[in-house]
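Worksheet: the structure to be examined is printed underneath.
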Amino acid sequence: MSKTAPKAPAGVREIRINPVMPSESVLVATARGMRPRKEEERVARQAEAHVERCPFCTGNEDKTPPTLAAWPNEQDWVVRVVENLFPVLGEDTPDSNLVFGLQQVVVGYGRHEVIIDHNNHGISMHDMSEAHLVTLLTAYRERMATLYETDKRIRYVLVFKNFGPAAGASIPHTHSQVIAMPVVPENVLNEVQYARLHHDKHHQCIYCSLINEAMTFEATIYDRESGEIRRKINVGQYIIERGEKFIAIKPFASRYEWEVHILPLQHEADFVNVDAADLADMARVLKRTMARLDAVIGGAQYNFFLHSLPRGEEFASGTPSYHWHLEICPRTSIPTGFELGSGLFVSTISPEDAAEQLRAVQLDD
């Protein structure tokens, strides 16, 4: 008696092209979510407000480098900035590059700082008050501005946050990082260049177009032969949270299953120029977005990072075409050999289903 081969489960299988960076694609394969797989471990939350041996807790300031900046002040700080003890870039390197044959070395000059997000050791971002998040976002903006202003060799300042060991965090106390570098990262450079090409062709910022589509576009696509509905896109289907000045959107081609981007509704290329009055709305959208993510995938490890217009004469013309944004990337699965070898991200949940689950979370206003 012959055995019947197992039938592949049904599901969405499609390659989605990133509209901002067409060279970057995402494979949405929902049936893959049914296979046995190892997920990134959930991080047990440390609820303690203070840990005696933690170098980032209040009272342990002598265990870190000197304070570079603090809010509201160095004595009673709630957000504090220090140099990273183990920097990836530093100021003590020779000011010269090396070339030998086809090999080229750019000296690792730059700055690496740590922003201690809160004086409460175990607090999560979604549990921080909106007022505190305004202070934290202000710290991001001020450190970026200071690093650009004090060193003209700096071409790009990246603000980012790692939560959980798999996301790169080595200390559990909530903190962010700032790295100022003499080169522009390739992914940011690609975003700027593709955005410029789109603007040259269509005379509009591609990020603004994506926001407009998310808020106004709907379509139904039918199968030509059967007449059945193949895809239906509803207005607001990808919107996770919306404020007066900012919006949180689930990307159509999400690299990570629960990835969400926060963007200003009005066009702005450089985060350094964000109006202080607008940070309150960004703080509210960020807090509510993180609360939605926690409700659906609580304890997930994640990275987030700010992408803003680089410095340099060649980027000055990018102001009309580039749109700064915050990318939140929860780490719910470990990259496979296929992803690493092909550069093609694989998502086992459709962005539409993920967005629906996030929107369905009931939050206290």
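Before moving on, here are some points about what is shown:
- The condition of being free of Cβ contacts under 8 Å to residues at least 40 places away in the same chain, in contact with a Lys or Arg (Cβ under 9 Å, 6 or more places away or on another chain) and open to solvent by 30 Å² or more (accessible area, probe 1.4 Å) holds for only one of ASP364, ASP275, ASP281, that being ASP275.
- Across the stretch 68-104, the qualifying residues are those that are within 18 Å of THR150 (Cα to Cα) and more than 26 Å from the chain's Cα centre (by Cα), and the one among them that is surrounded by the fewest Cβ atoms within 10 Å (Cβ to Cβ) is ASP92.
- One residue alone among ARG141, ARG155 is touching a Gly at 6+ places or on another chain (Cβ under 7 Å) and open to solvent by 20 Å² or more (accessible area, probe 1.4 Å), and that residue is ARG155.
- Matching residues in the stretch 193-209 - criterion: being of a type in the set (A, V, I, L, M, F, W, C) and touching a His at 6+ places or on another chain (Cβ under 9 Å): ALA195, CYS205, ILE206, CYS208
- Cross-chain or 6+ apart pairs with Cβ under 8 Å, the stretch 100-116 first and free of Cβ contacts under 8 Å to residues at least 12 places away in the same chain, then in a strand (DSSP E or B): GLN104/LEU98; VAL105/LEU98; VAL105/VAL99
- Which listed residue is of a type in the set (Gly, Ala, Ser), crowded, with 20+ Cβ neighbours inside 10 Å and over 17 Å from the mean Cα position of the chain (by Cα), from ALA295, ALA195, ALA253: ALA195
- Taken over the stretch 105-133, the criterion of being under 20 Å from VAL184 (Cα atoms), under 21 Å from the mean Cα position of the chain (by Cα) and open to solvent by 20 Å² or more (accessible area, probe 1.4 Å) is satisfied by ARG111 alone.
- Qualifying residue in the stretch 49-58 (condition: open to solvent by 60 Å² or more (accessible area, probe 1.4 Å), touching a Cys at 6+ places or on another chain (Cβ under 8 Å), touching a residue at least 12 places away in the same chain (Cβ under 8 Å) and part of a loop (DSSP other than H, G, I, E, B)): yes
- For the stretch 226-285, the candidate set comprises residues that are in contact with a helix residue (DSSP H, G or I) (Cβ under 9 Å, 6 or more places away or on another chain), among the aromatic types (Phe, Trp, Tyr) and farther than 23 Å from THR216 by Cβ; within that set, the residue that is modelled with the highest pLDDT is PHE271.
- Checking each residue in the stretch 158-168 for being open to solvent by 20 Å² or more (accessible area, probe 1.4 Å) and either aliphatic (A, V, I, L, M) or in contact with a Pro (Cβ under 8 Å, 6 or more places away or on another chain) (or both) picks out LEU158, ALA166.
- Number of positions in the stretch 311-342 that are free of Cβ contacts under 8 Å to residues at least 60 places away in the same chain and among the small types (Gly, Ala, Ser): 4
- Matching residues in the stretch 221-238 - criterion: being open to solvent by less than 30 Å² (accessible area, probe 1.4 Å) and touching a strand residue (DSSP E or B) at 6+ places or on another chain (Cβ under 7 Å): TYR238
The values are calculated or read from the model by the stated rules, or taken from the named source; none is laboratory data. What you are looking at is a predicted structure, and each value in this text was computed from that prediction instead of being measured. Because the Cβ atoms are built from the backbone with ideal geometry, glycine has one as well, and the counts that use them run over all protein chains shown. Surface accessibility is based on the protein's heavy atoms, side chains included, excluding ligands, DNA and RNA. Shrake-Rupley method; radii C 1.70, N 1.55, O 1.52, S 1.80 Å.
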